[in-house]
1. On the given criteria, is A:Leu368 surrounded by 18 or more Cβ atoms within 10 Å (Cβ to Cβ) and within 14 Å of another protein chain (Cβ to nearest Cβ)?
2. Condition first: open to solvent by 10 Å² or more (accessible area, probe 1.4 Å), touching a strand residue (DSSP E or B) at 6+ places or on another chain (Cβ under 7 Å) and among the hydrophobic types (A, V, I, L, M, F, W, C). Now tell me which residues in segment A:95-120 satisfy that.
3. Test each condition in (1) modelled with pLDDT of 75 or more; (2) open to solvent by 10 Å² or more (accessible area, probe 1.4 Å) for B:Asp184 and report the one that comes out false.
4. Regarding B:Leu134, is this residue buried (at least 17 other Cβ atoms within 10 Å of the Cβ), modelled with pLDDT of 90 or more, within 9 Å of chain A (Cβ to nearest Cβ) and assigned to a helix (DSSP H, G or I)?
5. Got a sec? Which of A:Asn323, A:Asn319 is open to solvent by 30 Å² or more (accessible area, probe 1.4 Å), closer than 30 Å to A:Gln96 by Cα, outside any helix (DSSP H, G or I) and not basic (Lys, Arg)?
6. Considering every residue within segment A:60-70, establish whether at least one is touching a residue at least 40 places away in the same chain (Cβ under 8 Å) and surrounded by fewer than 16 Cβ atoms within 10 Å (Cβ to Cβ).
7. With away from chain B (no Cβ under 14 Å), within 24 Å of B:Gln139 (Cα to Cα), in contact (Cβ under 8 Å) with a residue 24 or more places away in the chain and among the basic types (Lys, Arg) as the only criterion, which of A:Arg375, A:Arg350, A:Arg315 stands out?
Amino acid sequence: MSDVLLELDGITIRRGIEVVLSDFNLELNSGECIILHGKNGTGKSTIIEAAARLIPMEKGEVRHHGQLVCDSEGRRKKPVSPFGLTLQSNGLVASQTIENHLQTVCAISGLDFDLVPILDAYGLSHRRHDKIAHLSGGQQRKVSVISGLIPAMLSKESRLILLDEPDSGLDDMSIETLKTHINQLRNAGHSFLIATHDTRLFQCATSLHDIKQETRQTAIKCEPWTGFGTPAEVPFLATKMGWRYNASTLISIQRNWLSALLVIGCLLALYEPLSIKDQEILVMGFVLAPALTIGLVGDSVISMLYEQRAIDWWRAQVNMVPNSNLEALLSGCILTLFSMQVFLQYMDWRIILIGGLIGLLSTFSLRLLQLSTLRLARSNAVFIRLLTPILILPWAMVVEYCTTL
Amino acid sequence: MMRVGHGELLLGTGFLGVMTTLYLALNWAPSVSIDAFASPAAQRIFYWHVPSAWAAFIAFSVLFTGSAMWIFKRSPLGWKLHVAGSEASLACGLMTVWSGCVWGAAEWGTPWDWSDVRLNTFGLLTLLALFLVLGRQSQPDGIESRDTFSTFGLYGFILVPITYVATRIWQIRHPGPVVGGGEDSSLSSDMGLVLLIGAISFTILIAGHIVMSAKITEYEQRLEKLQNHIDGGF
């Protein structure tokens, strides 16, 4: 494995219409800490986000550990080695407990770790079972910073850590702890790229970079970090996390189920189920309408991940973000079973399964549409749902087919 | 004295032509056989419906060309064409859908049929244009928004050939082609003349709109640059 943990090779990035970075090069070796500093708007966060493969580039490529992770051609590969990331927004899901969130970070690294000593160091161990929503802004920032450091704390191999203004909102004691951790981890061979205005963190740097020029300096020497994690692979992480987010908030019940049940209620307000028994297509449409409604409401987990840019944090780490696939399939089946009982008074497992598939595929399509606008500055404000009628014709064809079963 | 540019001239000529088409359609074009349609009088809306659909396809093509030019060449002209094309697609698409719904309500007894492929694909194209226009207004102008909307413009164009062949392959409720569709599609010469005037007028109107819109986009970009300059930004 290469000793160069991060390479930004001739990257040119636009934000808005203007070019923010032009032909920018940076190389970060094992055991180095580069601190990006300078005025607001010079492109520090842009560099961090480009290194985390969150920002598309006009030119150039980004490599982690010598392997391409993204380039201007649109290629985007999952990094072979996990890396730490703290964005300017915390990237946390408020409904998770501190412990759950940090365990997820460990799971992405494929390792398990005793989190209590770390949480102790930042004065958070007594709150580890609390939901992130119940923490103060400063405490949430600490959780976000710890999330960024964990991949290095767990690993014997060198890891890349990207921190965007980790100091913001931290008290003096936490800044000192952070400095100690950065120095210990750097001396253990991990590398840091940090954007900050806080001159206290400058002491950790092996280089200071003002975007135009890099100035090397002697960093503090100290004992290297020695705590490591134990291997703990978590298969199907995205689906499992989607399930966990759903279970902890019941967001699918709140949004998708409620809408589907309201649709059944509205239809019942118009027709007596027995009075339309001979109109097969109409009845079948009523039976399968709740399953489509689940999809049309959209993937609730994705909506939840928009909080504090958690979706960007996930997109940087993995190629498949947590989702509601499993819930959509199950919800489609259960609600179709329910509407069959209401409108048809009998059960056919084939139609129940088709209801589940309608729920799954329509949720998947909506998610695809939602994620396709993520690059936009105000992705929630874009009228992407205008395109959802594309699902009506296929749904109508399935309804017609179901009458032949 | 105010100088009249190409855009204004084309828009004015197109508008006059469209009004002439409307007058001829309602007062001069021959009536159709009362046996051929459930609502023969409503058929006159076809002189508006078909040319506006024709213009919509031109607008969708401009949108596609502009989107492709932006995505592959980063051409500022491409973006102007994308903006103009999406606005023109929306205007013509809405005119087509609205006139189709009016005719459908009179002829079929329902303004819309979700099971008809032509209706669905054309409706989706219009919704795509609406999404592009409203979506663009909801975002600050930038590479991110231009890339995203151009990508939708490119992929959305897949619906154009499907819409075109829809009534030839799956004729469910929408009538087959009135021009170029074989023996069934022959029109009387008077009908054909009104339709031709309509198609030319709508084409000129669309051309005028595209020229004007491109000019407005250019002014907006210049204004944004000047504002950035005043702000001292990058």
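The values are calculated or read from the model by the stated rules, or taken from the named source; none is laboratory data. Given the structure is predicted, the values throughout are model-derived calculations rather than measurements. Every residue, glycine as well, gets a Cβ built from its backbone with ideal geometry; the counts of neighbours run over all protein chains shown. Side chains are part of the model used for accessible areas, which takes the heavy atoms of the whole protein and leaves out ligands, DNA and RNA. Shrake-Rupley method; radii C 1.70, N 1.55, O 1.52, S 1.80 Å.
1. Values: surrounded by 18 or more Cβ atoms within 10 Å (Cβ to Cβ): no; within 14 Å of another protein chain (Cβ to nearest Cβ): yes.
Taking the combined requirement at face value, the residue does not satisfy it.
2. Within segment A:95-120, A:Leu111 is the sole residue that qualifies.
3. Only one criterion in (1) modelled with pLDDT of 75 or more; (2) open to solvent by 10 Å² or more (accessible area, probe 1.4 Å) is unmet by B:Asp184, namely (1).
4. On the way: buried (at least 17 other Cβ atoms within 10 Å of the Cβ): no; modelled with pLDDT of 90 or more: yes; within 9 Å of chain A (Cβ to nearest Cβ): yes; assigned to a helix (DSSP H, G or I): yes.
Judged against the criteria, B:Leu134 is not a match.
5. Numbers: A:Asn323 fails: open to solvent by 30 Å² or more (accessible area, probe 1.4 Å).
One residue alone meets the criteria, A:Asn319.
6. Yes, segment A:60-70 contains a residue that is touching a residue at least 40 places away in the same chain (Cβ under 8 Å) and surrounded by fewer than 16 Cβ atoms within 10 Å (Cβ to Cβ).
7. Numbers: A:Arg375 fails: away from chain B (no Cβ under 14 Å); A:Arg350 fails: within 24 Å of B:Gln139 (Cα to Cα).
Just a single option satisfies the conditions, and that option is A:Arg315.
Matching residues to (1) within 12 Å of chain A (Cβ to nearest Cβ); (2) surrounded by fewer than 19 Cβ atoms within 10 Å (Cβ to Cβ); (3) modelled with pLDDT of 90 or more:
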{"residue": "B:Trp108", "(1), (2), (3)": "no, yes, no"}
{"residue": "B:Trp112", "(1), (2), (3)": "yes, yes, no"}
{"residue": "B:Leu119", "(1), (2), (3)": "yes, no, no"}
{"residue": "B:Leu128", "(1), (2), (3)": "yes, no, yes"}
{"residue": "B:Ser138", "(1), (2), (3)": "yes, yes, no"}
{"residue": "B:Ser145", "(1), (2), (3)": "yes, no, no"}
{"residue": "B:Tyr155", "(1), (2), (3)": "yes, yes, no"}
{"residue": "B:Leu159", "(1), (2), (3)": "yes, no, no"}
